[in-house]
Structure formats: structure tokens, C-alpha cells
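Heads up, the thing below is written out as C-alpha cells.
The values are calculated or read from the model by the stated rules, or taken from the named source; none is laboratory data. A quick note: this is a predicted structure, and the numbers were derived from the prediction, not measured. Note that we place each Cβ from the backbone using ideal geometry, even for glycine, and neighbour counts take in every protein chain shown.
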Amino acid sequence: MASLDDLKKRISSVKSTQKITKAMKMVAAAKLRRAQENAERGRPYSEKMNNIILNLSSSVSDKENAPKLLQGTGQEKTHLCVVLTSDRGLCGGFNSNIIKKAKLFFQKISNENKSLKIITVGSKGYDQLKRQYKNNIIEKLSFKDSKNINYFDANKVGKIIIEKFEKEEFDVCTIFYNQFKNVITQIPQEQQIIPLKTENEKDQTNNESYEFEPEEDEILSNLLPKNISTQIFKAMLENSASEQGSRMSAMDNATRNAGEMVDKLTIEYNRSRQAAITKELIEIISGAESL
Amino acid sequence: MSEEFKVEIVNPEKSFFSKEDVTEVVVPAFEGEMGILKDHIPIISFLKPGIIKVLSQSEEESYFIEDGILEFKENNLSILTSSIIKVSDLSKEKIDKIISDSEKESSIEDLDDQKKFLIDQKIDILRSLN
């Protein structure tokens, strides 16, 4: 059994850990609120963008000559996967959930004998993938220095993707991120952005006759690259809200566990202190009896 | 009033600006300046760098944008743009900075004509503001 001194030290170290996790929880809670607000404020843009693209793509007359970003290259040989993760740890299953989802997808691709290329955004994703998929990772990005999620960063990622697409380095692009549902639940998502998957034209009512200036094709080919940046930006916003939510619940758990541990250790400490006192008493009494 | 319609300007971060009682909006459309009044035909258009003017009965506001898309439908005008600044907030230093950045960008050799045209346009507009 550990000595009294050791127990005392352990109790105080667990207590200080608890203080840290508690503070992290508070910080995450504050950041979560901001991240959530940002995610909500960013929504109108991506929704409107989506609407316009839907309208446009349904009115493009010449499906054969539609931009490749919409139509695809006609084959599905090379997949590019963009895995969006966080730059910091201590956020529960946040990163591993995305990675798990992504690895499942990678497995599927390699089973179908298609080639795979990976771009990681966020250093944690790179750390987790580099062991197994080192040769597939063609680019690793991290926006540790930017304080807030901003469109500029998303645009950078978008530009890289477009550039690679134009050089025909891949045929299909999929992004992986966590969708924020609530503080406890974040759902890892895979979303195909190239070629763009349009909803199966379910809102036919939306099919109004728009006037276009310049031609539809020209607008589309200008708009689609922007849409990719927008989708990535949306994913980054969702991700940051998820990260904070995940961290908050992870830290909440950690604080509670530390509390339980302190209780257990305190009981053990009291018991062994009592045992030591009893032992001393017995010694004294038996010493007195023998006289 | 009958001559008014709704405008919303959205950038990726937030809904930047929204107003219910607008009488006219002048935008730098791709093929020239375009004024939009109530009951305009539904239109989707591309914007080039320039000034958006929002006119209402009481006031007139101007914004500088670098790019954007415009959608007008059922007397709702939405403008999506990635960079927008209110003209009255543009200081001389800011303008100079954007100009010098753009000049650097336009000096890259293998730029296609359309991009070059847009950047030159941007520089011209900013010079005229100065």
C-alpha cells in the first residue's frame, strides 16, 4: 500500500489536473458559443450559393459541354480526399472519428483498385494518417496561426484543389469533416464536391426562367470554383464548432473523473491514516500490558 | 411603398447588410453598370470589382466590392461577395494598400486576359476613389 505521503501527493496532483480540465472546459464553452454563432452566420452564404448553382445547372442546356467541375472527368480513377481536422488535441473523439470515417473510405477505394491522394488540413489529421498513408499524402496544410476561421484560408485550400483538378491529378474529390449537431453529438461527414452532386432535381418548382448575364456556362465556370471554397469554408466552420463542443464534453468528463478519483484517494488516505493510528495504539496498549 | 424592394448582401462570414426599403441598386455587372429597380426580370449575373450603390428614399450608400454574384428574384435582391467594404470606411492607406497588392498581382506574367482585366479594373476604380 502506498504511504501516506505518496497518497497526499497524488491527491494534490489530481486536484491540479482537475483545475486545468475545468478551466479548459470553460474556455471551450466560451469558444463554442462564438464558433456556433459564426457557423450560423455563415450559413446564408453557402445556402444562397447552392441555390444559385442549382438553378444554373438545371438550366444549362448543353449537358455535354458543361464545366468539368460539375460534370466530372468522365472517369473515377483517382480520388482526392481532403481530411479536415483540428490543430489541437484534448478534444475527445473529435479527430479519431473523422479519421475512422476517412480510413473506411480509403479502404473502399483501395479495394476497388483506384488510386488515392490525400490532403490533410489540420496537423492532428496528418499525425494520425502519416503512419499508414504516408505515400498518399500529397499536401498537408495547417492554419494554426490564424486566430479565427476565415474565408481567406478556405479559399487557399479551394485554390489548391482547383489547381490540381485542372492539371488532371484526380477525378473525384471528397471532403471529410465533422458536422455539428449538438454539444454531445458530432457526426463525421463525407461530402463529394467534385463533380458536384446536385440534388435529384426535386425542386422543379424552382425552375424559373432567369435572365443570365453573361451566358450560363460562363457564370457556372466562374461560380463553381467559388463554390468549392465556400463548401470548404462551411466544413471548416462546422468543424470548429464541433471541435469546441467535443472538447467541452471531453473536459467535462475529465473533470468529473478527476473528482471521483480525488474522492477515492481521500478515502484511501483516511483509511490508511486510521490504520496507522490504530497500529500505534495497539503497540502502546500491548506494551503497557506486558509491563 | 410600392416602389421599394429588399436587398441583402451576404459575405462568407455573415449577412453583411440587409435593407427593406430600397428604391434602386446600381451594381458593376460583368458587362457594364446595371441599375436594378423593382419588378426587374429574374436575373443572375456576375459582378466585377466596383462600387455598389444602394439608394433608398432617405439616403444613398456605397460599397466597394472585389467580386460577387447577384441574384434577383421576386423583388428580393441577393448579392454574394467575398470581400466588401463600405466606401466611407475606406481610408487612403487602405486604398493604397489594395492598389499595391493588386499591382503586384497583375505583374505576374502568365495571367489570363480575363483575370488581368479584372485586376486592372479594380485598380482603376480605386484610383478614382482616391
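Kindly check whether there is at least one residue in the range A:102-123 that is within 19 Å of the chain's Cα centre (by Cα), buried (at least 20 other Cβ atoms within 10 Å of the Cβ) and under 25 Å from residue A:40 (Cβ atoms).
Among the residues of the range A:102-123, at least one is within 19 Å of the chain's Cα centre (by Cα), buried (at least 20 other Cβ atoms within 10 Å of the Cβ) and under 25 Å from residue A:40 (Cβ atoms), which makes the answer yes.
For residues that are more than 9 Å from chain A (Cβ to nearest Cβ) and surrounded by 13 or more Cβ atoms within 10 Å (Cβ to Cβ), tally how many sit in the range B:19-36.
10
Taking the range A:98-112 as the search range and keeping residues that are hydrophobic (A, V, I, L, M, F, W, C) and touching a residue at least 60 places away in the same chain (Cβ under 8 Å), which one is farthest from residue A:250 (Cα to Cα)? Lay out the reasoning, then the answer.
Start the filter on the range A:98-112 by keeping residues that are hydrophobic (A, V, I, L, M, F, W, C), which leaves A:98-99, A:102, A:104-106, A:109.
Those still in the list that are touching a residue at least 60 places away in the same chain (Cβ under 8 Å) too: A:98, A:102, A:105.
Values: A:98: 16, A:102: 22, A:105: 26 Å.
Only one residue fits best here, namely A:105.
Taking the range A:238-273 as the region of interest, how many residues are in the same structural domain as residue A:121 (by TED's automatic domain parsing) and loosely packed, with under 12 Cβ neighbours inside 10 Å?
The number of residues fulfilling the criteria is 0.
Would you be able to say whether some residue in the range B:7-14 is surrounded by fewer than 17 Cβ atoms within 10 Å (Cβ to Cβ) and at the interface with chain A (Cβ under 9 Å from one of its Cβ atoms)? Explain how you work it out, then say what you get.
Of the range B:7-14, the ones surrounded by fewer than 17 Cβ atoms within 10 Å (Cβ to Cβ) are B:14.
From what's left, at the interface with chain A (Cβ under 9 Å from one of its Cβ atoms): B:14.
Yes, the range B:7-14 has at least one match.
Is at least one residue of the range A:210-228 more than 14 Å from chain B (Cβ to nearest Cβ), under 30 Å from residue A:89 (Cα atoms) and in contact with a Cys (Cβ under 9 Å, 6 or more places away or on another chain)? Steps first, answer last, please.
Restricting attention to the range A:210-228, the residues satisfying the condition of being more than 14 Å from chain B (Cβ to nearest Cβ) are none.
There is no residue in the range A:210-228 that is more than 14 Å from chain B (Cβ to nearest Cβ), under 30 Å from residue A:89 (Cα atoms) and in contact with a Cys (Cβ under 9 Å, 6 or more places away or on another chain).
Counting only residues that are touching a Ser or Thr at 6+ places or on another chain (Cβ under 8 Å), among the aliphatic types (A, V, I, L, M) and facing chain A (nearest Cβ under 9 Å), how many does the range B:42-69 have?
Going through the range B:42-69 one residue at a time, the tally reaches 1.
Looking at the range A:113-163, which of the residues that are more than 30 Å from residue B:84 (Cβ to Cβ), among the hydroxyl-bearing types (Ser, Thr, Tyr) and not in a strand (DSSP E or B) is nearest to the other protein chains (Cβ to nearest Cβ)?
Among those residues, the one meeting the criterion is A:123.
State all residues of the range A:102-112 that are part of a helix (DSSP H, G or I) and either among the charged types (D, E, K, R) or within 14 Å of residue A:80 (Cα to Cα) (or both); if no residue qualifies, say none.
Going residue by residue through the range A:102-112, those that are part of a helix (DSSP H, G or I) are A:102-111.
Those that are part of a helix (DSSP H, G or I) and either among the charged types (D, E, K, R) or within 14 Å of residue A:80 (Cα to Cα) (or both): A:102, A:103, A:105, A:106, A:107, A:108, A:109, A:110.
Any residue in the range B:61-76 that is without any contact (Cβ under 8 Å) to a residue 40 or more places away in the chain and more than 16 Å from the chain's Cα centre (by Cα)?
Yes, the range B:61-76 contains at least one residue that is without any contact (Cβ under 8 Å) to a residue 40 or more places away in the chain and more than 16 Å from the chain's Cα centre (by Cα).
Give just the number: which of (1) surrounded by 14 or more Cβ atoms within 10 Å (Cβ to Cβ); (2) touching a Phe, Trp or Tyr at 6+ places or on another chain (Cβ under 9 Å); (3) more than 9 Å from chain A (Cβ to nearest Cβ); (4) touching a residue at least 40 places away in the same chain (Cβ under 8 Å) does residue B:90 not satisfy?
(4)
Can you tell me which of A:235, A:276 is small (Gly, Ala, Ser), over 30 Å from residue A:37 (Cα atoms), touching a residue at least 40 places away in the same chain (Cβ under 8 Å) and surrounded by 12 or more Cβ atoms within 10 Å (Cβ to Cβ)? Give the derivation first.
Working: A:235 fails: over 30 Å from residue A:37 (Cα atoms).
When all the criteria are applied, what remains is A:276.
Going through A:43, A:10, A:34, A:88 one at a time, which residue ends up being assigned by TED's automatic domain parsing to the domain that holds residue A:276 and either not β-branched (Val, Ile, Thr) or not in a helix (DSSP H, G or I) (or both)? Please lay out each step first, then the result.
Numbers: A:43 fails: assigned by TED's automatic domain parsing to the domain that holds residue A:276; A:34 fails: assigned by TED's automatic domain parsing to the domain that holds residue A:276; A:88 fails: assigned by TED's automatic domain parsing to the domain that holds residue A:276.
Going through A:43, A:10, A:34, A:88 in turn, just one is assigned by TED's automatic domain parsing to the domain that holds residue A:276 and either not β-branched (Val, Ile, Thr) or not in a helix (DSSP H, G or I) (or both): A:10.
Based on this model, can you work out whether residue A:15 counts as modelled with pLDDT of 85 or more and more than 14 Å from chain B (Cβ to nearest Cβ)?
Numbers: modelled with pLDDT of 85 or more: yes; more than 14 Å from chain B (Cβ to nearest Cβ): yes.
So residue A:15 fits the description; yes.
Could you list, ordered by first residue, the pairs with Cβ atoms under 8 Å in which the first is in the range A:79-97 and within 24 Å of residue A:159 (Cα to Cα) and the second is in a loop (DSSP other than H, G, I, E, B) and hydroxyl-bearing (Ser, Thr, Tyr), at least 6 apart or interchain?
Partner pairs satisfying both residue conditions: A:87/A:142.
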